[in-house]
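The values are calculated or read from the model by the stated rules, or taken from the named source; none is laboratory data. Source: prediction; values computed, not measured. Quick reminder, even Gly has a Cβ in these numbers, built from the backbone with ideal geometry, and neighbours come from all protein chains shown.
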Number of protein chains: 2
Amino acid sequence: MNFLEERIVKDGIVKEGNVLKVDSFLNHQMDIALFDEMGAEFKKRFADANINKIVTIEASGIGIACIVARHFNVPVVFAKKSKSINIDGDVYKAEVESFTHKCKNNVIVSRKFLGPDDHVLIIDDFLANGCALQGLISIVNEAGGTVEGIGIAVEKGFQNGGRIIRNLGFHLESLAIVESMDATSGEIVFRQQ
Amino acid sequence: MNFLEERIVKDGIVKEGNVLKVDSFLNHQMDIALFDEMGAEFKKRFADANINKIVTIEASGIGIACIVARHFNVPVVFAKKSKSINIDGDVYKAEVESFTHKCKNNVIVSRKFLGPDDHVLIIDDFLANGCALQGLISIVNEAGGTVEGIGIAVEKGFQNGGRIIRNLGFHLESLAIVESMDATSGEIVFRQQ
C-alpha cells in the first residue's frame, strides 16, 4: 500500500451506498502535508509531461490542486459551479452531474485563462462515474488546449469513470483505486498498480 | 506598496458597482507563488499567535488557505456552502449573505473538525461587508474554539466589514486595503498600513 492507501485504511470510513468518507483529511478537513506528498508523487508520475497549467473544479479539488501546483511551478485555474456576476460572459461551459449532490451543475471557466497554448494537468479529489472529469476535459478541448494528464486522489474502480477515460487514451493516474469496499466490515480493497 | 498591492495595480480591473476583479491571479486563476508570499507575510503578522488550524470558506478561500497553511504546519478546514449527503448531520451552521452572488447561503462545518482545543486563523480572499467572516467567527465560537487571527488578501476599506471586525477586538490583517477605486480611470488607492 502507498501512503494514500494507508491513510484511507486508517481514517477513511465506508458508508452504505458506496460512499467513502475521507473528510477528515481530504475534502473537508485537509491534511496539507499529505497533499504535499501527493504533489511529489504526481510530479514523478507526470515527469515527462510538459505542463504549464493545472485545472480543477470547485470546491474540494482546489486545495489539492494548489499544493500539487507547487511541484510543477504552474498556476491553477478552477472551474466554477455557478455563474457569478464577477465572471465575464465569455466563458467555456460544460454540464456536470454530481454523484455526491445528486444534481446537475453548469461548470464554467473564463476564456481568459485557457487557450491553445495550455498544456493542462487536471487534478481532482475523486473519480467515480467521471462526469466532472468529462466536463473539465470538454472545457480544455473547447479552449484548444491539450490535456497532458489527469491526476486523481481516490478513484472508485468499481464505477466506470476511470475505465472510460483510460479507453479514450488519456494518461490518468489515480493515487488510490478502490476495487471494492464493505460498509459492514469497513474493509477496503485497492487495485494493485 | 507591498507585493500584493503592486499585483492588484498591475493585474486588477476596477468595474462599475465597486467590483474589483482579481480573477487572473487570486480567485479564478490562482498564482501559487503569490499565495506563497502571502503565506510568509501572514506567518510574520501572526508570529505570536498559537495557531493549530486554519478555517476558510469555499470556494475561493481554499487555495490561499492551503498554501498559507504550509507556513503554519496546520490543517485547513473549509466551511461548505450547501448541505451535502456526505456530511454528517452533526454540523455547525451559520447563514451568510454573499456580496458577489447576491444570495444567502447556509455554511456548515462538521462538528468533528472544530472544537474547544482549536486556535484558529481564519483566511479568506476578500473582506467587504464581512458577512462571510461573521459566519466563520460564529462557527468557531459555537465550537468553543478561539479565533486567534483573521488573514484577508484584499479588504474593501470603503465597506464596513473590516471596521466592525476590528471594533469587536479581533486581530484582523488584510494584505491590501482598498480605500477607493475608480471604474473610469481604473485608479486604486490603498490605505497606508
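Can you name the residue in segment A:32-75 that is charged (D, E, K, R) and away from chain B (no Cβ under 12 Å) and, of all such residues, is surrounded by the fewest Cβ atoms within 10 Å (Cβ to Cβ)? Checking each candidate, the answer is A:48.
Of the strands (runs of 3 or more DSSP E) that lie entirely inside segment B:11-66, those containing 2 or more residues that are under 12 Å from the mean Cα position of the chain (by Cα) span B:53-57. On the given criteria, is residue B:176 at pLDDT below 95, under 24 Å from residue B:12 (Cα atoms) and under 15 Å from the mean Cα position of the chain (by Cα)? No, not satisfied. Taking the conditions (1) modelled with pLDDT under 95; (2) more than 7 Å from chain B (Cβ to nearest Cβ); (3) under 25 Å from residue A:142 (Cα atoms); (4) in a loop (DSSP other than H, G, I, E, B) in turn, residue A:86 satisfies each one other than (2). Residues that are more than 12 Å from chain B (Cβ to nearest Cβ) and either of a type in the set (A, V, I, L, M, F, W, C) or farther than 24 Å from residue A:89 by Cβ (or both) within segment A:108-122 comprise A:119, A:120, A:121, A:122, listed in sequence order. I'm told residue B:94 meets every condition in (1) at pLDDT below 95; (2) part of a loop (DSSP other than H, G, I, E, B); (3) of a type outside the set (Phe, Trp, Tyr) except one. Can you identify the failing condition by its number? Evaluating residue B:94 over (1) at pLDDT below 95; (2) part of a loop (DSSP other than H, G, I, E, B); (3) of a type outside the set (Phe, Trp, Tyr) leaves (2) as the failure.
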